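Q: Handing you this structure, nothing more for now.
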Amino acid sequence: MQLIFSQAWWWIPIILMVAFGLAYWMYFGFAKSSQKQWNWPVPLLFILRFLSIGLLLFLFLAPFLKYTEKEKKKPIIHFLVDHSQSMLFGEGIKGEVTDFLSKAKKELDDFQVEVHNLDGKAIEDSLFFNASNTDITSGLTKLALRQKKQSKAIVLISDGIITQGANPNFYPITLKVPMYTLGTGDSAQKLDALVDFVKTNEYVILGNEYPVRFGVFIYGAKSKLLKYSIRVNGQLQKSGTISPSSNQYFFEEQHLLKAQSSGMQRISVSVSKLDEEVNTENNAFEVFVNALDNRKKVAILIGSAHPDVKAVRSALQIQKNYELTLTKNLQKALESDVIVAAQWPSQKKNINGEAIFSSKKPVLILGGEQIDWNFWQRAVGPIQIQASRPNSATFVNNGSFSNFTIEESNQITLGQLPPLYVPFASYPKGLNVLAYQKINGVKTDYPLIATSSKSNRLAVIFGEGIWKWCIQEYQKNTNNLATEALFDKLIQWLLSGKDKPLFSINSLKPRYSKNEDVIIKADFYNSIFEPIFNEQVNMVVKGDSFETRKVMNATGNYYESNLGALPPGKYLVEGTAKKQNASTGFTVSNFAEELRNTKANWKLLGRLAERFNGSFYHIKKVDLLLNRMKENLDKTIVIEEKENVKPLINWHYLLILLGLLFSVEWILRKYYGKL
């Protein structure tokens, strides 16, 4: 233990002298005879005053104690419990898991037992198996971050059925201790007819045909006759029969359906139930297709061939609600809903493009060395080229851009892509900048991507090299999601004809599975797009046989409401906030993913235990697991030393002593008439 002062130590003798002087002046300074000076209780009062003043002044030096504290910590065993709904598909499993955890806490008394579920939440008392999906990889990844020096082992309790996330046997997880797996459920294949998958397009144009392909596994029903049916929004469209030729039979077929109504269409493929079939939740599978009543026409206007044209065209082709045209003819381009001017017009060609301004068509301008920036001066503003050699500029997102939002993950990806070649120039002011230029690692105030609504509604990418973005992103992520999302949002903003609404309401997902919580979010802004947090936001949720009204909760920069699990069907959400209105919709599927497959996957658990130097045990053999851990795991208690610093002014005993000194002195003076 060490006493440390915030001020210089030589203040201590000064404090003692000041305290002595004040106490002496108080009790001896006015005395008229030496005999009277030492009459009782003057010496005691003098000492009390000296101590109280000295202690009070001493505290002004801000002293504190520095001491070392030792803490004994037991070795830790982490128990990770799969809390998904499939764990309940078996008699007495919840009781068996509960009994095992209680027994482990009693018998492993040399260890600290920590119990968490796959979401990383601590389990203190009751177990709830209510998760709509099983992601063992996510659970192990979170547990890896919670490992400590005294961690000795991990016990995973699961049926091994994965419905979400990667296979943990092939995912890079760093565990520093052995992991044991405890298998629950039944690994035997029972009589079952399972619709394994249904595949269709994400979008379809109203009136067009689209394919629906599905596969069915049938176990233990050789030579039995089953019927399948395909329904759209509950209406029967196709049907047929299946006759399994073995006890493990797979049937696959494809049908063409016609989009007869617009909006989200629920497609259900089901097979008839078998006699004595235990799990009938997996006899149906639902998917959704969005039937668009029309596609927006997008014309890519070019002056000459360029790799950026193909890159942008590929990014827009992914979005099925665009009808793309590639042309060099301005008049043909003007027939579209939006124009992508790819380095058009060229500096080498004298083009009368007045029609593009008079038409008020929205335009996305793709810059480059060939473009004539003077042509666009009226809409964009003056761009004065100062050198023939371009700069290399990377993407830096502008957080205050309000026309639309770029997902944070996409912002990071775009910022890591190769630089675009941009003019070495002075740029116009007054643009709504989506992204700035970073040149040689330094962020500038030059726009890289911007929007404008001066005359035509315009979006401008000042550089060229989009094709490099696409190649680099695909090499890194095996997709072009960030680039595709950027161009889709630019085109959507150009087509919208209006700025970002002050009030909007959206579902977190367009489609939810059965038993999955439905989350609704709302954004509310003032006229300069500053978020408003203290306004009441009301919403009405309407379904086929469901209606509820809620007041949304302010959460950070937005409003949110958790509706919980809703019955299957289509839903409409209408929101209001200070005379502003908005609406959205979502659908709830009729099947629970967790109950589609109830066959325990003990092989996966066995390989996982082997990977991390552990062993697999069945829930009925928990004694073997407990005995092995008691015999093999290190029970050494870790003693950790921790240095603590405590200011003396926070030590309440010292403050009590100070108050006691002043109080005793005052009482004595009062009693003996010295006050």
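The values are calculated or read from the model by the stated rules, or taken from the named source; none is laboratory data. The model shown is predicted, which means the values in this text are computed figures rather than measured ones. Neighbour counts are summed over all protein chains in view; Cβ atoms, including those assigned to glycine, are modelled from backbone coordinates with ideal geometry. With ligands, DNA and RNA removed, areas are computed over all heavy atoms of the protein, side chains included. Shrake-Rupley method; radii C 1.70, N 1.55, O 1.52, S 1.80 Å.
Q: Of all residues being aliphatic (A, V, I, L, M), closer than 19 Å to Val622 by Cα and part of a loop (DSSP other than H, G, I, E, B) in the range 107-166, which is nearest to the chain's Cα centre (by Cα)? Just the residue, please.
A: Residue satisfying both the conditions and the ranking: Leu127.
Q: One residue is enough: does the range 437-448 have a residue meeting the conditions among the β-branched types (Val, Ile, Thr) and either touching a Ser or Thr at 6+ places or on another chain (Cβ under 8 Å) or within 23 Å of Asp372 (Cβ to Cβ) (or both)?
A: The answer is yes; a qualifying residue exists.
Q: Taking the condition among the charged types (D, E, K, R), under 30 Å from Glu641 (Cα atoms), touching a strand residue (DSSP E or B) at 6+ places or on another chain (Cβ under 8 Å) and not in a strand (DSSP E or B), does Lys72 pass?
A: no
Q: If you take the residues of the range 266-298 that are out of contact with any strand residue (DSSP E or B) (no Cβ under 7 Å at 6 or more places or on another chain) and not charged (D, E, K, R), which of them is least open to solvent (accessible area, probe 1.4 Å)?
A: Thr280
Q: Would you mention how many residues in the range 618-639 are under 23 Å from Trp602 (Cβ atoms), out of contact with any Gly (no Cβ under 8 Å at 6 or more places or on another chain) and surrounded by 17 or more Cβ atoms within 10 Å (Cβ to Cβ)?
A: Looking only at that region, the number is 4.
Q: Mind checking whether some residue in the range 253-265 is open to solvent by 10 Å² or more (accessible area, probe 1.4 Å), in contact (Cβ under 8 Å) with a residue 24 or more places away in the chain, of a type outside the set (A, V, I, L, M, F, W, C) and under 30 Å from Asn601 (Cβ atoms)?
A: Yes, the range 253-265 contains a residue that is open to solvent by 10 Å² or more (accessible area, probe 1.4 Å), in contact (Cβ under 8 Å) with a residue 24 or more places away in the chain, of a type outside the set (A, V, I, L, M, F, W, C) and under 30 Å from Asn601 (Cβ atoms).
Q: Out of all the residues in the range 188-203, is one or more in a strand (DSSP E or B), closer than 21 Å to Leu88 by Cα and over 34 Å from the mean Cα position of the chain (by Cα)?
A: yes
Q: Now for a different question. Which numbered condition trips up Lys94, out of (1) under 30 Å from Lys642 (Cα atoms); (2) assigned to a helix (DSSP H, G or I)?
A: Only one criterion in (1) under 30 Å from Lys642 (Cα atoms); (2) assigned to a helix (DSSP H, G or I) is unmet by Lys94, namely (1).
Q: Taking the criterion of being part of a strand (DSSP E or B) and open to solvent by less than 30 Å² (accessible area, probe 1.4 Å), would at least one residue in the range 588-611 satisfy it?
A: Yes, some residue in the range 588-611 is part of a strand (DSSP E or B) and open to solvent by less than 30 Å² (accessible area, probe 1.4 Å).
Q: Confirm whether Thr141 is open to solvent by 50 Å² or more (accessible area, probe 1.4 Å), β-branched (Val, Ile, Thr) and more than 30 Å from Ala8 (Cα to Cα).
A: Numbers: open to solvent by 50 Å² or more (accessible area, probe 1.4 Å): yes; β-branched (Val, Ile, Thr): yes; more than 30 Å from Ala8 (Cα to Cα): yes.
Yes.
Q: I'd like the full set of residues that are open to solvent by less than 40 Å² (accessible area, probe 1.4 Å) and either modelled with pLDDT under 80 or more than 60 Å from the chain's Cα centre (by Cα) (or both), limited to the range 38-67.
A: Pro41, Val42, Pro43, Leu45, Phe46, Leu48
Q: For the range 524-572, what are the residues that are in contact (Cβ under 8 Å) with a residue 24 or more places away in the chain, open to solvent by 40 Å² or more (accessible area, probe 1.4 Å) and assigned to a strand (DSSP E or B)?
A: Passing the criteria: Pro531, Asn538, Lys542, Tyr558, Glu560, Asn562, Lys570, Leu572.
Q: Would you tally the residues in the range 340-386 being at positive phi and open to solvent by 20 Å² or more (accessible area, probe 1.4 Å)?
A: Total satisfying the criteria: 1.
Q: Checking the condition farther than 21 Å from Arg457 by Cβ, in contact with an Asp or Glu (Cβ under 6 Å, 6 or more places away or on another chain) and at pLDDT below 95, which residue from Gly303, Gly368 passes? Spell out the reasoning first.
A: Numbers: Gly303 fails: in contact with an Asp or Glu (Cβ under 6 Å, 6 or more places away or on another chain).
Just a single option satisfies the conditions, and that option is Gly368.
Q: In addition: Which one is modelled with the highest pLDDT, of the residues in the range 266-299 that are assigned to a strand (DSSP E or B) and not hydrophobic (A, V, I, L, M, F, W, C)?
A: Here the residue is Ser270.
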